[in-house]
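First comes the structure, then the notes that go with it.
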Amino acid sequence: MKIALMDSGIGLLPAAAAVRRLRPDADLVLSWDPDGMPWGPRTPEDITERAIAVAEAAAAHEPDVLIVACNTASVHSLPAMRARLEPRLPVIGTVPAIKPAAAGGGPVAIWATPATTGSAYQRGLIERFADGVTVTEVACPGLADAVHHADDEAIDAAIASAAARTPEDVTTLVLGCTNYELVAERIRAAVQRPGRPPLVLHGTAGAVAAQALRRIGVEPDPEATTADTTLTVLLSGREATLPDTALSYDEGRFLCAVSPVR
């Protein structure tokens, strides 16, 4: 079994780690685009062009399923990628976790890239799943790029800016960019208000990992082991090793420890 994941940057690490925990015996292909990162400020047409290139680089390794572990690419490019790759390669998109977040009653804030914030796609999800719930969309310029480069000072500045624009009565926060899951606890600390109930965070890594397995008819088996699983890393189509920035995060260190790049 081989599972591929793609993103503009290292935001695919949380979903890859989730896949690895559900199926330790799966080979992984991680494909991202340092040459074009970040995608958030790009036009939808440019995002789609780059997303298809990154997806096709992963597809060349003949995986059983491809996870688009990128909210921006899912918002703007999922139909084009599916038209190009399916049915020979199932494509799993990443949808902001607005439905489960709204089920708690809110108020809800959605942190996302500028390209996702205010998009017709995200607004449609809000209208469909959060009717009657107070939802605030918070654009987070620079945060995805700062996380990708493991730039702690820039991460703190971007989080502080977004937190200042997040209503104080928010009870639930949707992490609408997969990069943000790598700094989830830093976001929680910035948004949590003294005296308020514990903030609830909603990411997507576990959900998309489980959906990928369902799509190919495979059950989770966290105890499955094999001595020769592979981890292939593609940086704008070039085979490489995990960059040091990926190893700045728990998910990157976990992946490297359980399945060294080959």
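The values are calculated or read from the model by the stated rules, or taken from the named source; none is laboratory data. These numbers come from a predicted model, not from an experiment. So basically every Cβ, Gly included, is an ideal-geometry build from the backbone, and we count neighbours across all protein chains shown. Surface accessibility is based on the protein's heavy atoms, side chains included, excluding ligands, DNA and RNA. Shrake-Rupley method; radii C 1.70, N 1.55, O 1.52, S 1.80 Å.
Quick look at the numbers
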{"read-out": "Gly106 vs. criteria of a type outside the set (A, V, I, L, M), at positive phi, modelled with pLDDT under 90 and surrounded by 14 or more Cβ atoms within 10 Å (Cβ to Cβ)", "value": "yes"}
{"read-out": "Filter result (touching a residue at least 40 places away in the same chain (Cβ under 8 Å) and either among the hydroxyl-bearing types (Ser, Thr, Tyr) or touching a Lys or Arg at 6+ places or on another chain (Cβ under 8 Å) (or both)) within the stretch 75-113", "value": "Pro90, Ile92, Thr94, Thr113"}
{"read-out": "Test: Val54 is among the β-branched types (Val, Ile, Thr), more than 18 Å from the chain's Cα centre (by Cα) and open to solvent by less than 40 Å² (accessible area, probe 1.4 Å)", "value": "no"}
{"read-out": "Residues of the stretch 1-38 satisfying the condition of being closer than 14 Å to Ile52 by Cα, at pLDDT below 95 and crowded, with 24+ Cβ neighbours inside 10 Å", "value": "Asp7, Ser8, Trp32"}
{"read-out": "Residue check, Val68 β-branched (Val, Ile, Thr), touching a Gly at 6+ places or on another chain (Cβ under 7 Å) and touching a residue at least 40 places away in the same chain (Cβ under 8 Å)", "value": "yes"}
{"read-out": "Qualifying residue in the stretch 76-86 (condition: open to solvent by 50 Å² or more (accessible area, probe 1.4 Å), of a type outside the set (Lys, Arg) and under 30 Å from Pro222 (Cβ atoms))", "value": "yes"}
